[in-house]
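Just so you know, all these numbers are worked out from the coordinates, no wet-lab data involved. Quantities reported herein were computed from a predicted structural model and do not represent experimental measurements. Ideal geometry is used to build each Cβ from the backbone, glycine not excepted, and the neighbour counts take in all protein chains shown.
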Amino acid sequence: MTVLAADPYADLAARGRFLLGLNPLAKLAAPLPAMIALVFVRDLVTPLAFIGLAYAVLVAGARLTPRVVLLLLVALPAAVALLGFGMAVWADASRVDQSAVVLTIGPWTLYGGALVIGLATALRLAAIIALALIAGLTTTGPDLVRASVQQLRVPYRVGYTALAAFRFVPRFGHELDVIRQAHRVRGSHGGRGPFAAIARWWGYLVPLLAGAIRHAERVALAMDARAFGAHPDRTERHLVPWRARDTAFTVAFAAVSLVILWLLFPWAASPWAGFPWAGFPGAGFPWAAA
């Protein structure tokens, strides 16, 4: 595979944001074992440890905008609290009726064991999301496609077709804005109310679909004119290599994940042994069904 240009991301790791200089596949592979292990975890401490690990890696290795910081520090904890309480409400009371009573409203009782089950489930989901953000916040779609073609040997016909489809998304947004402005200029806004909104969107859909078909036709003609797919390999303009630091990051992250599981997984119930709900069914078995 021929390379015409040097890697444009080669010096990003030297700028203090090492995640931006890593291969996208490394950022996907490193947290994958932890994400799989979290499916089988049922305690509170293990997902909290993985959330802390993901946050530490993001703070040290990514450029976090105020919006992302707000997401990590406010939105994600709020979602955990809301989801945890919601799942606690729907927990089977017969499984946790030996734990402490937290709230009683008429005939309905909320037990501490139900809160633990709900929070454990919510924290697992939050930990998986936090680990996925390591790649999601520092990787672009084109780089992921290029890395898949170069390292995973995905056929470039498949990879760059997906890349062309990915490029359609911002174009559709622009065309939708143009269509909306044209409707406003013509006064065909359709009034107010839910039915008017549905009518407006239907009016947007037909010209947007027609524009998508025209754009796809132009892209297909351009690819045919350049003999795309006629050869087994193609010349790469940008190289996304796999370096030693990618291997080091993947191995180090997997090792830290293994240490967290080794230290916390067998002792998941011990931090809560002094609480009244520590004896709810399954507390000693982190792999028991929540």
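Converting phi to 3J(HN,Hα) with the Karplus coefficients 6.51, -1.76 and 1.60 and the offset θ = phi - 60°, region 36-52 yields 5, 5, 5, 5, 9, 8, 10, 9, 9, 6, 4, x, 4, 5, 6, 4, x Hz in sequence order, with x at every glycine or proline.
With an a/c value of 1.5 or above and a/b larger than b/c for the gyration tensor axes a ≥ b ≥ c computed over the alpha-carbon atoms, region 155-225 is described as prolate.
Length gain on complete extension for the stretch Leu71 to Arg226, per 0.36 nm per residue less the alpha carbon to alpha carbon distance?
Stretched fully, the Leu71-Arg226 segment lengthens by 51.4 nm.
A convex hull fitted to the Cα coordinates of region 16-98 yields 112 cubic angstrom per residue.
The order of Thr161, Thr139, Thr247, Thr46, going from fewest to most other C-beta atoms within 10 Å of their C-beta, is Thr247, Thr161, Thr139, Thr46. Under a 5 Å amide H cut-off, with hydrogens placed 1.01 Å from N, Leu110 pairs with Val102, Leu103, Thr104, Ile105 among residues at least 5 apart or on other chains.
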